[in-house]
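Following: one structure in structure tokens, then a few remarks.
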Amino acid sequence: MKVNQAEFIISAVSPEQYPNTGFPEIALAGRSNVGKSSFINKMVNRKKLARTSSKPGKTQTLNYYLIENQFYFVDVPGYGYAKVSKTERAKWGEMLETYFTQRETLTLALSVVDFRHPPTQDDIQMYEFFKYYQIPVLVVATKADKIPKSKWNKHESITKKTLDFDKEDQFVIFSAETGEGIDEAWKVIESFL
Ligand SMILES: Nc1nc2c(ncn2[C@@H]2O[C@H](COP(=O)(O)OP(=O)(O)O)[C@@H](O)[C@H]2O)c(=O)[nH]1
Ligand SMILES: [Mg+2]
């Protein structure tokens with residue numbers, strides 16, 4: 001998809017604030033700082049549409065971006081940030097659970113993982129959650145620019161093995177630095193729209 005139109009819609013705290021246009025939603029889940037916002041920016045070719053942060057764990061809202069007046073990227077607050085209080089964490093968990101189990105327009109979950117390292121316990125749990133609720137997943141293995149291509153195969157098998165990756169799901173090696181994986185990711189996303 002060649003994106004001409006991409007706009008920030010809302011930072012939603014509660015379901016009443018989610019848009020009611022009925023457009024499909026592609027939601028990004030992943031560890032804080034893994035590269036979710038960078039993924040959105042790269043996909044829509046806009047440097048600062050989604051805020052990339054050096055302060056992880058700060059966005060406790062669902063950020064909606066409307067793309068081509070057709071669908072939303074939903075930037076979901078990241079997990080795995082240590083300095084979050086128990087109360088905050090519980091609130092965060094509730095918000096994610098509500099969103100992912102009840103949002104009827106949710107079309108595809110993007111599970112964003114760091115391609116350099118095996119998926120974390122949180123990554124595994126998130127993926128299992130998607131599997132449990134039968135939500136289709138595209139695993140985006142990002143920061144691929146940090147690993148030599150000769151090692152990509154090995155990293156891909158480790159990532160898939162650690163996640164117990166379901167062959168029905170999709171997998172894309174990505175880099176917001178080089179643009180690796182953009183076309184492939186669009187192909188998968190468009191097949192769900
Ligand atoms: N080298 C490299 N750095 C990346 C990539 N994606 C994100 N980053 C960097 O990782 C940091 C966190 O990215 P961000 O998109 O804010 O992560 P988020 O918290 O998941 O939204 C930023 O400093 C980005 O520049 C990538 O593909 N390659
Ligand atoms: Mg972000």
Original post:
Separation between the Arg89 and Glu184 pseudo-spin-labels, each 7 Å from Cα along Cα→Cβ, expressed in nm?
Top reply: 3.4
Subject >> Most mobile of Val113, Val140, Val84 in a GNM of the chain (Cα contacts under 10 Å) >> reply: Val84
Subject >> At 0.890 mPa s and 25 °C, Stokes D of the chain from Kirkwood alpha-carbon radius, µm² per second >> reply: 147
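As a footprinting exposure proxy, order Trp92, Trp186 by other Cβ within 10 Å, with the fewest listed first.
Ordered by Cβ neighbours within 10 Å, fewest first: Trp186, Trp92.
Mind checking the stretch 59-134 for GluC sites (Glu not before Pro) that DSSP puts in a loop (not H, G, I, E or B) and that have at most 16 other Cβ atoms within 10 Å?
Filter output for the stretch 59-134: Glu68, Glu104.
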Original post:
Percent antiparallel among DSSP beta bridges with both residues in the stretch 39-193, to the nearest 5?
Top reply: 35
Original post:
Tell me, what is the FRET efficiency for Gln60 and Phe8 to the nearest 0.05, using R0 = 22 angstrom and their Cβ-Cβ distance as r?
Top reply: 0.85
Subject >> the chain: relative contact order as a whole-number percent, Cα under 8 Å and 6+ apart >> reply: 24
Original post:
Can you list residues whose amide H is under 5 Å from Phe171's amide H, if they're 5+ apart or on another chain and H is modeled 1.01 Å from N?
Top reply: Val139
Original post:
Going down the list Lys2/Lys36; Lys86/Lys154; Lys146/Lys187; Lys2/Lys48; Lys48/Lys86; Lys42/Lys149, which pairs span over 27 Å between their C-alpha atoms?
Top reply: Lys86/Lys154; Lys48/Lys86
Subject >> Point-to-point label distance, Thr21-Arg51, nm (Cα→Cβ direction, 7 Å offset) >> reply: 2.2
Original post:
Taking the Cα centre of the chain as origin and charging only Cβ (+1 Lys, Arg; -1 Asp, Glu), how large is the dipole, in debye to the nearest 20?
Top reply: 880
**OP:** Under 9 Å from the Cβ of Ile173, count the other residues' Cβ atoms, weight Lys and Arg +1, Asp and Glu -1, and hand me the total.
**Re:** -3
Subject >> Top of Asn45, Asn63, Asn20 by mean-square fluctuation, Gaussian network on the chain, Cα under 10 Å >> reply: Asn20
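Here, each number is a calculation from the coordinates, and none is a lab measurement. What you see is a predicted model; the values in this text were computed from it and never measured. FYI the Cβ positions are ideal-geometry reconstructions off the backbone, even for glycines, and counts take in every protein chain you see.
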